[in-house]
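Report on the structure given below.
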Amino acid sequence: MLTLLTTVRVISLLIALFALWGFYEIAATVFGQQTQSIDIRLLLALQQWHTPFLDQVMGVLTNIGSVSVLLAASLLIATVLLCRKRQTETVMLAIATIGAFGLNALLKLLFAHARPAFWQQTIEVNISSFPSGHAMMSLVVFGIIGYLLAAQVPRWRATIATITVLLVGAVGFSRLYFGTHWLTDLVAGYVAGTVWLVACILSLKSWKRRYRSRPQTNKRPLPSISSRK
């Protein structure tokens, strides 16, 4: 069991390192103007898909990835965890959520990349584009919630993972549909989110393992059976 846990942690760490390297490469490519033509062609192609029905569907999806909805989802799950006395998972959920918001805000300030401006925006945006906050924060928040749920109901693990991936992907696609992000913004958001999510999951595993390995000093030894004098 210990060997398996160590293997999982090493693989997770390698994934996080690879994601961090990918984020750096994407950032360098974006500001080297090497992906601009691809970004422009994709957004102009998606503009041809716009219909009143799709506008409503994509509006719902983009709202799911908003700060207010993600915070509400985190608070709801945190409340359930607290009611079930799962303090460790509650703390990690809070760290993952707050950390994702803070890290994304910091990255936006550092890169200060302009948003696309090919047509009039139907949704309000007022901060820089790179990396996508919707992509990064939805991946972290829904990812950590999905991980916690899968740990509680292992038989639904594949279903939970599929729904989580589809939901996070749909949120990101909605941002492209509305023309509020470049494709590279989304990829960078997912890469940075993966780094933070893996770090949180590894920390949770390490925290729980360390807690379980503590000596149980509060337990009193059972009295020995001896003859009374």
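Structure summary
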| read-out | value |
| --- | --- |
| In nm, spacing of pseudo-spin labels at L44 and R84 (7 Å Cα→C-beta vector) | 5.1 nm |
| Segment 44-54 - phi-based ³J(HN,Hα) in whole Hz, Karplus 6.51/-1.76/1.60, Gly and Pro as x | 5, 5, 5, 4, 6, 7, 4, 9, x, 5, 5 |
| Spatially proximal aspartates and glutamates relative to K108 (Cα-Cα < 16 Å; intrachain offsets below 8 disregarded) | D185 |
| Stretch gain in nm, segment F111-W21, where the contour uses 0.36 nm per residue and the Cα spacing is subtracted | 30.7 nm |
| Distant-in-sequence amide H partners of R115 (H built 1.01 Å from N, under 5 Å) | S129 |
| Residue list for segment 162-190, given a label point 7 angstrom along the Cα-to-Cβ vector of S37 and an amide N cut-off under 20 Å | 182-185 |
| Aspartates and glutamates with Cα under 12 Å of K208, excluding same-chain neighbours fewer than 8 positions away | E89 |
| Highest to lowest packing among 164-174, 55-65, scored as the average C-beta count within 10 Å | 164-174, 55-65 |
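Where a number appears in this text, it was derived from the coordinates with a stated rule and is not lab data. Keep in mind that what you see is a predicted model, and the values were worked out from it rather than measured. When we count neighbours, we look across all protein chains shown, and the Cβ atoms used for this are built from the backbone with ideal geometry, even at glycine.
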